[in-house]
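A short reminder: the numbers here are calculations on the coordinates, not readings from a lab. Just so we're clear, the structure is a prediction, and the values are computed from it rather than from any experiment. Cβ: placed from backbone, ideal geometry, glycine included. Neighbour counts: every protein chain shown.
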Amino acid sequence: MPDIRSHDWVRHHARRRPAQHAIVDTTTGAALTYAEMDRQVDSCAAFLARDHGVGAGDRVATLAHNCPEIFIIQAACARLRAIFLPLNWRLAEPELDYLVGDAAPKVIFADAEFDAVAASVCGRAAATAQVSIGPGTGFAAVLARHDRIEDLPAPTHSDPWLILYTSGTTGRPKGATLTHGQMALQMVGLGAEYGITHASVGLTYTPTFHASGLFMFADVILFFGGTTYLMTRFDAQECLNIMTNPDIGITHSLAIPTNLLMIRNLPDFEQADLTGMVIASGGSPVPTPLIRTYGEHGAKIPQVWGMTELCGVVTSLPPERSLDKAGSCGPPLMNMDIAIVDEEGNFETEPDTTGELVARGPMVMSGYWAYGDRNAEFFLPDGWFKTGDAARIDNEGYVTIVGRWKDMYISGGENVYPAEIEDVIYRLPEVDEVAVIGIPHELWGETGCACIVVKEGQVLSEEAVIEYCRGELARYKVPKSVVFRQELPHSANGKILKHVLKTEMGLDEIGAVGTAVSKS
């Protein structure tokens, strides 16, 4: 395959518009021009190659809140043909141990908040070095000097550039591996869909360990030479202040419905002028009244759906169809085919038939990291990837996600996989059986409920279960409620029937929420 100049994005814009801001850190107010970013990417690449022996195919991890260094490290990996591995800082140490053991990064870059965690994890992974990032660190001094190594061969279309871990039905996280070619195609597709140019200004606060934090819209705007305002974390008032500042001129952002609701509930939202702004939203359907309210303030809210395994966003509802197609996440973007199959993998040809959504095209990941032949179980013949989501497609090709073909639920925009939580709860000696399901929550969309059968003669409390989970799982995965039952419903072969359990609890078998952008 031909070379892909993904490693030249920053350098290209450094030559054409050197003084333009690439990234503005809203926490410190520091602005990084394309010329400065290009020099810092060079310095980072030289540091990784000379000090840590990083080369083609090696993994380089980050454990940090949103900061400019994330994108410098990502671009440096591209120049070295190394693989960028952003780690989810919400995970508990045992979870991080698994990811580091699986991907075996040579380096973990950590900010001040996660230095101690990174040191602990690296202490159990002898081949992984820790590097502190942020103001006043040795890495800051590395970036300040203009160091560079000899230019290396450009990456090819099929060279992996990014590993993003996303949990699966087995409960163990899997590393979706995305290539340079896929990333370049996705940037072009998103740019075409949302009208991104070098004049675009994005606002990113979604964590950059997510596909959504990287692709919607920070990486895309860097690809086209625009400017990204980068927030450390979400704050509704700060978001509104930035979005309504005419001197900044935000054009693109991403928000899960919970974020949109929090911003709308601010007292000064009524005076907000959001004219011309595109705020893509995923994670769950955006209520029609909320779309209408933002529209009255000048913003467009395209509903999107995607998966990490599919390079993030896959479908997008045109804003002008947001009312007559309410609940839909739109047709697919370029470079992606979608279809519906039944339980046996047979393709459904009638519109509006509910089944499992499958996808095919150059944007589908090359496979999960280190899975080898096991990747075949996630695909149908002819390269169709099984998304695990229940959906229907109407006669115009518009997709509506109606639930999960699998058991995953979404809490505050985060994908939560019950099998992972159940595995933890089963470690409690008092537990005979457990089934974790998502139950509706007004603010977070869904939260976890653990339905437990206690062993005969044993005693277990809700508080004890939740406290144990807090020590083993990320906060958003910890069940918010526990229900003790005499028994759980089973099929003839002994499988727990969660759809029957939900019915017994007064919940729908399939809830009306979709999969987050990612994505994964």
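Below, the figures for the structure above:
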{"quantity": "Cα gyration tensor shape of the range 5-233, rounded if a/c is under 1.5, else prolate or oblate by comparing a/b with b/c", "calculated": "rounded"}
{"quantity": "Derived scalar couplings ³J(HN,Hα) [the range 465-476; Karplus, 6.51 cos²θ - 1.76 cosθ + 1.60; whole Hz; x for Gly, Pro]", "calculated": "5, 5, 5, 5, 5, 4, x, 10, 10, 4, 4, 6"}
{"quantity": "Per-residue ³J(HN,Hα) for the range 322-337, Karplus 6.51 cos²θ - 1.76 cosθ + 1.60, θ = phi - 60°, Hz, x for Gly and Pro", "calculated": "5, 8, 6, 10, 3, x, 8, 10, x, x, x, 6, 4, 6, 8, 9"}
{"quantity": "Fraction of beta bridges assigned by DSSP in the range 1-142 that are antiparallel (%, nearest 5)", "calculated": "20 percent"}
{"quantity": "Ascending count of other beta-carbon atoms within 10 Å, so fewest first, for H146, H210", "calculated": "H146, H210"}
{"quantity": "Pairwise label distance in nanometres, A376 with E113, each label 7 Å out on the Cα-Cβ vector", "calculated": "4.4 nm"}
{"quantity": "(1) 18, 42, 27, 11, 2; (2) 18, 37, 27, 15, 2; (3) 22, 57, 20, 1, with the label sought being that of the calculated P(r) over Cα pairs in 20 Å bins from 0, in percent", "calculated": "(3)"}
{"quantity": "Sequence-distant residues sharing a close amide H with T228 (under 5 Å, placed H)", "calculated": "I23, V24, G202"}
{"quantity": "Table column - 3J(HN,Hα) (Hz), the range 291-301, Karplus curve with 6.51, -1.76, 1.60, x for Gly and Pro", "calculated": "4, 5, 4, 5, x, 5, 9, x, 8, 9, 10"}
{"quantity": "Of all DSSP beta bridges in the range 205-329, antiparallel share, percent nearest 5", "calculated": "45 percent"}
{"quantity": "Amide H contacts under 5 Å for H65, placed H, 5+ residues apart", "calculated": "D111"}
{"quantity": "Nearest-ten-degree value, helix 34-52 long axis tilted from longest Cα axis of the chain", "calculated": "70 degrees"}
{"quantity": "Test item: Cα-centred dipole of the chain, Lys/Arg +1 and Asp/Glu -1 on Cβ, debye", "calculated": "1260 debye"}
{"quantity": "MRE, 222 nm, helices only [DSSP H, n ≥ 4, -39500 (n - 2.57), over the chain, to nearest 500]", "calculated": "-8000 deg cm²/dmol"}
{"quantity": "Cα centroid of the range 302-328 to Cα centroid of the range 96-126, whole Å", "calculated": "35 Å"}
{"quantity": "Pairwise centroid distance, computed over Cα atoms, of the range 336-399 with the range 11-53, Å", "calculated": "39 Å"}
{"quantity": "Those GluC sites (Glu not before Pro) in the range 390-489 that DSSP places in a loop and that have at most 11 other beta carbons within 10 Å", "calculated": "E396, E442, E456, E487"}
{"quantity": "Computed magnitude of the charge dipole of the range 5-233 (debye, nearest 20; Cβ of K, R +1, Cβ of D, E -1)", "calculated": "340 debye"}
{"quantity": "Percent of beta bridges antiparallel (DSSP, the chain, rounded to nearest 5)", "calculated": "60 percent"}
{"quantity": "For the range 409-504: rounded, prolate or oblate by the Cα gyration tensor [a/c cutoff 1.5]", "calculated": "oblate"}
{"quantity": "Whole-Å distance, taken between Cα centres, linking the range 137-214 and the range 416-492", "calculated": "35 Å"}
{"quantity": "Amide H contacts under 5 Å for L497, placed H, 5+ residues apart", "calculated": "H490, S491"}
{"quantity": "Residue order, fewest to most surrounding Cβ atoms within 10 angstrom, among D389, D97, D268, D373", "calculated": "D373, D268, D97, D389"}
